[in-house]
Amino acid sequence: MRKGRRNRHRALLARLQRHLEISLDSLKPRRIRTRSARYAAALGERLGLISRPRACSWCRRHARLERHHWDYTEPLNVTFLCDECHVLADAMVVRAASA
Ligand SMILES: [Zn+2]
């Protein structure tokens with residue numbers, strides 16, 4: 001890896017680390033934690049820690065994919081879903097939380 005790219009990679013890892021910490025910091029408001037969890041997932045994807053499938057993980061449709069979090073305390077645990085499946089998944093999370 002060239003020096004510039006290596007430094008860039010290291011900076012992204014440091015940023016990921018910071019956002020992972022924020023997302024698990026129970027003293028922070030929930031909206032801040034979830035925002036950091038979403039950002040951490042985006043960084044994880046950029047760093048190649050998470051790989052985006054070619055199609056929706058549920059319906060296999062080739063569409064624009066979104067990262068779905070089942071639990072924001074696991075920022076890098078995401079499922080790639082199309083917008084329609086994402087709505088279903090979010091409804092499941094809401095139902096599970098209120099059960
Ligand atoms: Zn789908």
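Some notes on this structure:
- Each pair of Cα atoms in the stretch 3-98 enters the Kirkwood radius, and Stokes-Einstein at 20 °C and 1.002 mPa s then converts it into a translational diffusion coefficient of 150 µm²/s.
- With a Förster radius of 22 Å applied to the C-beta separation of ARG46 and ARG95, the computed FRET efficiency comes to 0.10.
- Span from the the stretch 1-59 Cα centroid across to the the stretch 84-99 one, whole angstrom: 23
- Summed over qualifying helices (DSSP H, 4 residues or more, each -39500 (n - 2.57)) and divided by its residue number, the chain shows a 222 nm mean residue ellipticity of -18500 deg cm²/dmol.
No lab work stands behind these numbers, since they all come straight from the coordinates. All figures in this text were calculated on a predicted structure; none of them were measured in a lab. FYI the Cβ positions are ideal-geometry reconstructions off the backbone, even for glycines, and counts take in every protein chain you see.
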